[in-house]
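Some notes on the structure that comes next.
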Amino acid sequence: MQVPLLDLKAQYAPLKEETMKAVSEVFDSQYFIMGPKVKEFEEAMEKYTGAKHALGVSSGTDALLLALMALGIGAGDEVITTPYTFFATAGSIARTGATPVFVDIDPVTFNINANQIEAKVTEKTKAILPVHLYGQCADMDVIRAVAKKHGLFIIEDGAQAIGAKYKGEQAGTMGTVGCFSFFPSKNLGGAGDGGLVTTNDDEVFEKLEKMRVHGMHPKYYHKYIGGNFRLDALQAVVLSVKLPHLNDWHEGRRKNAAFYSKAFENCKNIITPKEMAGNYMIFNQYIVRVPNRDKVFAGLKEAGIGCDIYYPVSLHMQECFAYLGYKKGAFPESEKAASETLALPIYAELTDEQKQYVADTLIKLVEG
Ligand SMILES: *Cc1c(COP(=O)(O)O)cnc(C)c1O
């Protein structure tokens, strides 16, 4: 049996006709960049997230970069974040000229250890940038308390967490700016690159909106230095077709997660994800910790099961961040997670047979 890590064809099949019709309309209009289709999608995203403002942008990475730029973060500033995330989180901070300051993760949720943030605040700190990793929100009560006490912005990296909830609040609406990605492997994936920023702050919105198009307003008059962070109409219509199904896909992933967690219940060597009290996790990834991870990883691949490692190298150990001066051992939980974790197929369209096969194979590989 073959079980890919992600099968987007299964998701696309029932939506093909509607998607092609929407795409065809964009071609007929020849209106490709921004315009009414992007606006429509942004309004739908405002409704979905509950944020006052939502702006379509060119990618999740650009969402982060634009958010940092709009908040005036740059050289001489520090931004506190996690070293256990996709590169773009810290990469975007560095690209503004600011310094990423890492805080180790909580070993249970893999999110930034909120209780260790305050110790890293200095007079240069401008923002906290938590990541809602794998689809579960970071500990926002503590993060908000620290931000409030020290007058810091919060930029949420919700690239893996669209629709995730924390004590009833939506990911991307709990800080100053929320950032999302529509990379095809996210729970809401486009037909290429795309992203979104959200905010409840009118002044921040004004800057985000202008800086998305070179800080330009009116045409050819530039109040700020922005960039080209625009979303294509083609992406907007593809995403608009998918959005009404997003909550069902979340539920499908949650059911699959429950299936695996039950199957692994009696295997003490397989540590399964834990949804924290008050959270609604959307399982962009289902991550287990296993002993001999690299051997298990190879075994799964050999058995025809798609799996991957998110992420094999903690960001403080990346070559390009050597200038930050962190040494091996600086963030033990992050480094440990990088050597123990493994992502299993979790997409909503998995069949019962596929799930059973994944579970049986993993148990056999781990328990011998
Ligand atoms: C995917 C991802 C990004 C970047 O999104 P792109 O759309 O690929 O640029 C940023 N942060 C995290 C945590 C991600 O998973």
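Excluding the sites themselves, what is the longest stretch of the chain that contains no chymotrypsin sites (Phe, Trp or Tyr not before Pro) in a DSSP loop with at most 10 other C-beta atoms within 10 Å?
1-219
Would you mind telling me which residue in Asn256, Asn115, Asn266 has the biggest mean-square fluctuation in a Gaussian network model of the chain, where springs connect alpha carbons within a distance under 10 angstrom?
Asn266
Which of Thr173, Tyr260, Ala338 sits farthest toward the positive end of the charge dipole of the chain, with +1 on the Cβ of Lys and Arg and -1 on the Cβ of Asp and Glu?
After comparing all options, I get Ala338.
For Met20, Met216, Met211, what's the fewest-to-most ordering of other Cβ within 10 Å of each Cβ?
By the 10 Å Cβ count, ascending: Met20, Met216, Met211.
Note down the relative contact order for region 49-174 as a percent, whole number, built from C-alpha pairs under 8 angstrom at least six residues apart.
Over region 49-174, the number comes to 24 percent.
Looking at region 23-158 only, what percent of DSSP beta bridges run antiparallel? Nearest 5 please.
For region 23-158, the DSSP antiparallel bridge percentage is about 10.
So what's the gap between the Cα centers of region 310-339 and region 211-250, to the nearest angstrom?
Distance between centres, Cα-based: 33 Å.
Treating the beta-carbon of each Lys and Arg as +1 and of each Asp and Glu as -1, no other charges, what is the dipole magnitude of region 78-175 about its Cα centre, to the nearest 20 debye?
Approximately 220 debye in magnitude.
Rank Gly325, Asn187, His217 by how far each Cα sits towards the positive end of the charge dipole of the chain (+1 on Lys, Arg Cβ; -1 on Asp, Glu Cβ) and give me just the farthest.
Farthest towards the positive end: Gly325.
Based on Cβ point charges of +1 for Lys and Arg and -1 for Asp and Glu, what charge dipole magnitude is obtained for region 109-153 about its Cα centre, in debye rounded to the nearest 20?
Taking the Cα centre of region 109-153 as origin, the dipole is about 180 debye.
Putting +1 on Lys and Arg Cβ atoms and -1 on Asp and Glu Cβ atoms, find which of Gly368, Met1, Gly74 reaches farthest to the positive end of the dipole of the chain.
Sorting the options by dipole projection puts first Gly74.
Just want the ordering: Ser181, Ser58, from fewest to most Cβ atoms lying within 10 Å of their own Cβ.
Listing Ser181, Ser58 from fewest to most nearby Cβ atoms yields Ser58, Ser181.
If you count the DSSP beta bridges with both ends in region 111-208, what percent of them are antiparallel, to the nearest 5?
Bridges in region 111-208 that DSSP calls antiparallel: roughly 50 percent.
Compute, for the chain, the length of the dipole vector about the Cα centre, with Cβ point charges of +1 (Lys, Arg) and -1 (Asp, Glu) only. Units Debye, rounded to 20.
My answer is approximately 360 debye.
Quick one: longest stretch of the chain between exposed loop GluC sites (Glu not before Pro), exposed meaning at most 14 other C-beta atoms within 10 Å and loop per DSSP?
It runs 124-264.
Every number here is computed from the coordinates shown, using simple stated rules; none is lab data. This is a predicted model, so every value here is computed, not measured. Cβ coordinates were reconstructed from backbone atoms using ideal geometry, including for glycine residues, and neighbour counts include every protein chain displayed.
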